[in-house]
Amino acid sequence: MSKNQEPLPEPDYQYKGEYQPQKEIKDSLGRICYPYLPSEDLKEAVNLAIALERPLLLEGEPGCGKTRLAAAVAYEFTQKYLQNQYWDYYIWNIKSTTRARDGLYKYDAIARLRDAQLMGTNPQQLQEFLGIVEIGDLKKRLQDKKNYREFGALGKALQEHKYRPILLIDEIDKADSDFANDLLLELEELRFEVPETGELYPTPQNKPIIFITSNREKPLPEPFLRRCLYFFVKFPQEDQLKKIIDKRFGELTKDKQKIVEQAMNSFYEIRAGLTIIPGSRPPGTSEFIEFLTALLNRNDVEKALDDLNNLSKKLPLLGTLLKTKQDQELYQKKQ
C-alpha cells in the first residue's frame, strides 16, 4: 500500500446494494456477476441473516434473481473492502444425485489403493514405466492420506478465512428428501470432520455467509427450515424491471426505448395470461433479459418492432420467453 493510499475499512458486513458493475463482469474463476437491484426488504433480510449468522433461504419463481444475489453481495464486499482481489465466494450447484458429503469433501480411496498396488510392483518394472521422479512423487503421495482428499464448496467455506466467505447452495430442492436433513449439523454448528484422514475442522472464527435457493420442487424438512431465515423474492414490478434494464443494458437502450417499452408490455401481457392457468410456466426475469437482448441486438429498430407486433408468429423469438409448446399455443390462441 502506498503512503498516500487510504487503508480499506474493516468489514461491517452490511449489504446496501450500492456497488454495481457497469455491465456483466467475470471474477478470477470466470463466474459472471451482473448488475443487481435488490429491494429494501431483501437487503434487510440479507443483513439480518449476516447478523444472526444463519443461512438465508431464498424462494421465488424461477428467473426472479435468487441465484444472482450471492454474487452481488460478493461483488459489493469486494469493492468496499478488498478491491485488488475477489471476495472468497463458493458455489455449490445441487443436482438430483448430489450427496451432502460431496459439498464437504471427497476422498478418493480407490486412487490410494491403486497407488499402493503400484508401489508393490517389481521396482525395476515400476521404474521402467514411471521413472524415478514419478516414483518419488508416488511415495510422497502415499505417505499422507490428505493427498487423496479434495474439499467441496461447503468444506472450503467452513475453514478459516481472513473475512467471512460467501457460500451459495443453489437449488437445494433438486436433491432427494434426505439431503437437507443431512446438512443440519454443518449448518447449525458450522463444523465438520474428515474421518478418512482424522481431520477436525471446528467452527471458524469468520463464519460463512450462506445463501440457499429453492424453487419448491420438493418441500424442505421442518428441522432444516428452523435453521434458516426465509425470504420470498417477489417478481419485480414494472418500475423495478425498468431500472434493471437500464443497469443491465446501459447505452444499448439508447434510441431504442420503443423496443424496450413494447417488449415490456408484451412480457407482462404474457405473464398475466399464464399466471392464472394451472400447469403453465410464466416467463421470469432471466427469460425477459434474453428476449430483450435478442431485440436490442438488431440494427433495424422497425424490424424489431414488427416482430413484437407479430410475436405469436415469431416462434424462435417467442421461444426465448415461453419454454413449452403448451404455453406457446395458449398465447397464440389469445392473439
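Here, each number is a calculation from the coordinates, and none is a lab measurement. Quick caveat: nothing in here was measured; it's all calculated off a predicted structure. Ideal geometry is used to build each Cβ from the backbone, glycine not excepted, and the neighbour counts take in all protein chains shown.
Which lysines have a Cα less than 26 Å from the Cα of Lys140, not counting those fewer than 8 places away in the same chain?
Those lysines meeting the cut-off are Lys106, Lys156.
For region 64-93 and region 136-211, write down the distance between their C-alpha centroids in whole Å.
Cα centres, region 64-93 to region 136-211: 19 Å.
Can you tell me which of Asn299, Asn47, Asn215 moves the most in a GNM of the chain? Springs connect C-alpha atoms under 10 Å apart.
Asn299
Just want the answer: with Cβ charges of +1 for Lys and Arg and -1 for Asp and Glu, which residue in Met119, Pro9, Pro55 is farthest toward the dipole's positive end in the chain?
Checked the options; the winner is Met119.
Can you compute the charge dipole magnitude of region 238-334 about its Cα centre, using +1 on each Lys and Arg Cβ and -1 on each Asp and Glu Cβ, nothing else charged? Give it in debye, rounded to the nearest 20.
The dipole magnitude comes to about 220 debye.
With the Cα gyration tensor of region 48-181 in hand, convert its eigenvalues to equivalent ellipsoid semi-axes via √(5λ) and list them largest first in whole Å.
41, 20, 12
Can you tally the net charge around Thr98? Count Lys and Arg as +1, Asp and Glu as -1, for every other residue whose Cβ sits under 15 Å from the Cβ of Thr98.
-3
Given the options Leu142, Leu29, Leu315, which has the most mean-square fluctuation in a GNM of the chain, springs set between C-alpha atoms less than 10 angstrom apart?
Leu29
Which is farthest toward the positive dipole end of region 124-203 among Gly136, Leu184, Leu167, measuring Cα position about the Cα centre, with Cβ charges +1 (Lys, Arg) and -1 (Asp, Glu)?
Towards the positive end, the residue furthest out is Gly136.
Nearest 20 debye, what's the magnitude of the dipole of the chain about its Cα centre given +1 on Lys and Arg Cβ and -1 on Asp and Glu Cβ?
I would put it at about 420 debye.
Could you work out how far helix 40-52 tilts from the main Cα principal axis of the chain, as a 0 to 90 degree angle to the nearest 10?
20
Measure nothing but the geometry: give the 0 to 90° angle between the long axis through the Cα atoms of 257-275 and the longest principal axis through the Cα atoms of the chain, rounded to 10°.
Between helix and principal axis, roughly 80 degrees.
What do you get for the angle between helix 109-119 and the principal long axis of the chain? Use alpha-carbon atoms, 0 to 90 degrees, nearest ten.
Helix 109-119 sits at roughly 40 degrees to that axis.
As a check on your grasp of the helix formula, calculate [θ] at 222 nm for the chain: sum -39500 (n - 2.57) over DSSP H runs of n ≥ 4, divide by the residue count, round to the nearest 500.
The per-residue figure over the chain is -12500 deg cm²/dmol.
From the list (i) 1.07; (ii) 0.97; (iii) 0.95, can you say which value of Rg/Rh (Cα atoms, Kirkwood Rh) was derived from the structure given?
It is the one labelled (i).
Given springs between every Cα pair under 10 Å in a Gaussian network model of the chain, which of Lys66, Lys140, Lys242 has the largest fluctuation?
Greatest mean-square fluctuation among the candidates belongs to Lys140.
A 26 angstrom limit on the alpha carbon distance is what I want to check against. Which of Lys174/Lys333; Lys234/Lys314; Lys303/Lys334; Lys66/Lys323; Lys23/Lys258 exceed it?
Over 26 Å Cα-Cα: Lys174/Lys333; Lys234/Lys314.
Going Cα to Cα from Lys16, which aspartates and glutamates come in below 16 Å? Please leave out same-chain ones fewer than 8 positions away.
Glu40, Asp41, Glu44, Glu76
Farthest toward the dipole's positive end in region 238-334, which of Leu292, Ile277, Ile244, given Cβ charges of +1 (Lys, Arg) and -1 (Asp, Glu) about the Cα centre?
Ile277
How high is the FRET efficiency from Glu251 to Gln328, r the C-beta distance, R0 41 Å, rounded to 0.05?
So, using R0 = 41 Å, E works out to roughly 0.80.
Based on Cβ point charges of +1 for Lys and Arg and -1 for Asp and Glu, what charge dipole magnitude is obtained for region 62-173 about its Cα centre, in debye rounded to the nearest 20?
Here region 62-173 has a charge dipole of around 260 debye.
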